[in-house]
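**Q** Mind having a look at this structure? Questions to follow.
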Amino acid sequence: MIRTAGVTAAPARPRMRKPSDDTPGPSRSPVLAAGLVLAAMLLLIVVGSMLRMQELEQDLVELRSTAAVPAQPTQATTTDAPPAVLDDLLRRADLIPHAPTLGGRMQFVIEESHVLNEHWVLAVYEDGHIRGQMLLEYAIDKDGTVAWRMLAAYLD
């Protein structure tokens, strides 16, 4: 005890701090730990997503570089055929074995017809209402005329 001029005072005690909201206590530890675990998991997901996005971008670049080189066709296409064959086929609606319906006019659809090789054509025809396909054999004479023979035909 301290005495001063007749007044007796008790020794000063150290002050105890009151627990505040920013001080982790026993009840806040599990919540804080769960929050840290959740933050770590989200960080892993974000980093993994970024890495996957980089891989996909690299794949896209590779695909674009290989797509720039066209594949060589193994069969003849309509554009590879002699013009006389295609022109003659357009004028030869009489080769189509099916009659038109509802006032239509049968004609070949050259954009969808294919020259398979130097002997055969797979031809598509329609009248606007019905559609069919036929396999034709052709031969080009020395004078440039095209001779046709129907091998098979059916309506789609």
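The values are calculated or read from the model by the stated rules, or taken from the named source; none is laboratory data. In this text, all values refer to a predicted model and were calculated from it rather than measured experimentally.
**Q** Quick one: count up the residues across segment 67-111 that are at pLDDT 70 or above, over 14 Å from TRP148 (Cα atoms) and assigned to a helix (DSSP H, G or I).
**A** 2
**Q** While we're here: Which of the residues spanning segment 120-156 are within 19 Å of LEU86 (Cα to Cα), at pLDDT below 90 and outside any strand (DSSP E or B)?
**A** The answer is ASP141, LYS142, ASP143, GLY144, THR145.
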